[in-house]
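J.: Handing you this structure, nothing more for now.
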Amino acid sequence: MKAIGQDLQDAVKYYSKFTLTPLYGQDKEIKLNRTHYLIKGSTHDSFEQDNYTLFLPAFNSEEIELSLNWKKFGSGHFFFLESLNEIPFRHNGSLVLSSIISRGDQLDIGHNRLRFDISTTLQEDEFDLDERIVDSNLNILIEGETGTGKSYLAREVHKRSRRVGPFVHLNLASFSPSLVESEIFGHIKGAFTGAISNKVGALKEANFGTLFLDEIDSLPLELQTKLLLFLDSKTFRAVGSNKEESVDVRIIFASGRNLMRLVEEGTFRKDMYFRISSGSFKRLAPLREDRRKLATLINEFEIKQDCILTRRLREFYMKVDWPGNIRQLMGHLNKKAVLSNGRKVDYDFLDDELMFLPAELKSDLYENTITYRELKLKYFNTVLARVNGDYRSAAKKLDVSINTVKNVLSKAS
């Protein structure tokens, strides 16, 4: 067992969280950073949590002092909550001074409702960038499929940096090649047909701040050259102008495709690739490769929407490929929450749509092709999840024998 003391660089990485829900108003999620760690060598590092004292406002604006202690029993974890000033709270309808609580439990304390999520999160999982990189002016390249959170990460970098200017997001794929140059560098009046006034480009607009150039893989080769010159000199000329301008801007690049592969294909400049990835490179994994993140997103959705996904539905979602990643998952869950009756959310006709996405959609979003055997295995697993693990029902839906289902799935191990 490895113990880590009060090292500030390590202390910010781990947290547990709970959500405070007032009688009226929105939830407030509070993170509890640790001051001491016991890291165990296992597949997923775990740690035990020291005692915390929480102060919550009561009816008369006094403070309720609660002791929160994270305990481990066998392979499970639980919270032990105790009132330190003898003010009782309700758990499962009963008045108590202390109680063992688990994930999803709710306690009424005065005008507040305390909802617990006991999952311990490694904060650096989603934000795996050195703070020294964040605080610098170095370029950052983010690669990942659509919906993996590239723009969210870019905004987080800007928020955590010390830059005082604005965050400007420019999606290069949304403009025609003839307009992209003007959008980035700006233009002067009369520079081309339709240029009836001067235009400030994204570079100047983001001065002293951060420019997020999304879909950099769609930038034409000739504009890659001009942008590369700016990265080297920090100066540029607006379209139609002879005047050199300089700005202090930090650029974050994002691509939905593998840029190194585009370099090999000759559609992206090699020197441009090495220049924009020189500061830091981050690849955001799709949800099909990160089931832990998928589970965390589902947990967070339950907390924010005050709903509970059934075990069958949760297990089904853990096996879905989610080609649209976070964007697709959250869109689907929001639609489910609106159409569900009550807080319990279960499998229904909306989930059938996930099983029958157009093949061309999945093939466009997946960077690598899969074999027929892998495709067959994925489909059998999806059907089995849909019928809650019932081999007989799965065989009936697939129009094959039970032995065929078992044989196909057994070859995965």
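The values are calculated or read from the model by the stated rules, or taken from the named source; none is laboratory data. Just so it is clear, the model here is predicted, and its values are computed rather than measured. Because the Cβ atoms are built from the backbone with ideal geometry, glycine has one as well, and the counts that use them run over all protein chains shown. Side chains included, ligands, DNA and RNA excluded: accessible areas come from the protein's heavy atoms. Shrake-Rupley method; radii C 1.70, N 1.55, O 1.52, S 1.80 Å.
J.: Counting just the residues of the stretch 335-352 that are touching a Cys at 6+ places or on another chain (Cβ under 9 Å) and open to solvent by 40 Å² or more (accessible area, probe 1.4 Å), which one comes out farthest from residue 308 (Cα to Cα)? Show your work before the answer.
T.: Initial filter on the stretch 335-352 (touching a Cys at 6+ places or on another chain (Cβ under 9 Å)): 336-337, 340, 342-345.
With open to solvent by 40 Å² or more (accessible area, probe 1.4 Å) added as a condition, the list becomes 342-344.
On the way: 342: 10, 343: 6, 344: 5 Å.
Among those residues, the one meeting the criterion is 342.
J.: For the stretch 239-250, indicate whether the set of residues that are crowded, with 16+ Cβ neighbours inside 10 Å, of a type in the set (Lys, Arg) and within 23 Å of the chain's Cα centre (by Cα) is non-empty.
T.: yes
J.: In the list 262, 229, which residue meets the criterion of being part of a helix (DSSP H, G or I) and open to solvent by less than 60 Å² (accessible area, probe 1.4 Å)?
T.: On the way: 229 fails: open to solvent by less than 60 Å² (accessible area, probe 1.4 Å).
Just a single option satisfies the conditions, and that option is 262.
J.: I would also like to ask the following. If you take the residues in the stretch 136-181 that are among the basic types (Lys, Arg) and open to solvent by less than 50 Å² (accessible area, probe 1.4 Å), which one is nearest to the chain's Cα centre (by Cα)?
T.: 150
J.: Answer yes if at least one residue in the stretch 116-124 is more than 25 Å from residue 305 (Cβ to Cβ), at pLDDT 80 or above and loosely packed, with under 15 Cβ neighbours inside 10 Å, and no otherwise.
T.: No, the stretch 116-124 contains no residue that is more than 25 Å from residue 305 (Cβ to Cβ), at pLDDT 80 or above and loosely packed, with under 15 Cβ neighbours inside 10 Å.
J.: Scan the stretch 313-323 and give yes if some residue there is free of Cβ contacts under 8 Å to residues at least 12 places away in the same chain, of a type outside the set (Gly, Ala, Ser) and assigned to a helix (DSSP H, G or I), otherwise no. If you could, list the steps in order and put the result at the bottom.
T.: Within the stretch 313-323, the first condition is being free of Cβ contacts under 8 Å to residues at least 12 places away in the same chain, and the residues that meet it are none.
No, because not a single residue in the stretch 313-323 is free of Cβ contacts under 8 Å to residues at least 12 places away in the same chain, of a type outside the set (Gly, Ala, Ser) and assigned to a helix (DSSP H, G or I).
J.: Also, I was wondering about something else. Can you work out which of the residues in the stretch 202-226 that are crowded, with 16+ Cβ neighbours inside 10 Å and of a type in the set (Val, Ile, Thr) is farthest from residue 282 (Cα to Cα)?
T.: 210
J.: Same structure, new question: Answer with yes or no whether residue 285 is small (Gly, Ala, Ser), open to solvent by 20 Å² or more (accessible area, probe 1.4 Å) and assigned to a helix (DSSP H, G or I).
T.: Numbers: small (Gly, Ala, Ser): yes; open to solvent by 20 Å² or more (accessible area, probe 1.4 Å): yes; assigned to a helix (DSSP H, G or I): no.
No, not satisfied.
J.: Regarding residue 308, is this residue surrounded by fewer than 19 Cβ atoms within 10 Å (Cβ to Cβ), at negative phi and either free of Cβ contacts under 8 Å to residues at least 40 places away in the same chain or in contact with a Gly (Cβ under 6 Å, 6 or more places away or on another chain) (or both)? Before you say what the answer is, go through the steps one by one.
T.: Values: surrounded by fewer than 19 Cβ atoms within 10 Å (Cβ to Cβ): yes; at negative phi: yes; either free of Cβ contacts under 8 Å to residues at least 40 places away in the same chain or in contact with a Gly (Cβ under 6 Å, 6 or more places away or on another chain) (or both): no.
Taking the combined requirement at face value, the residue does not satisfy it.
J.: Continuing with this model, one more query. Taking the conditions exactly as written (out of contact with any strand residue (DSSP E or B) (no Cβ under 8 Å at 6 or more places or on another chain) and without any contact (Cβ under 8 Å) to a residue 12 or more places away in the chain), does residue 290 satisfy them or not?
T.: Spelling it out, residue 290 is indeed out of contact with any strand residue (DSSP E or B) (no Cβ under 8 Å at 6 or more places or on another chain) and without any contact (Cβ under 8 Å) to a residue 12 or more places away in the chain.
J.: Scan the stretch 95-115 residue by residue and report those that are at pLDDT 85 or above and assigned to a loop (DSSP other than H, G, I, E, B).
T.: 97
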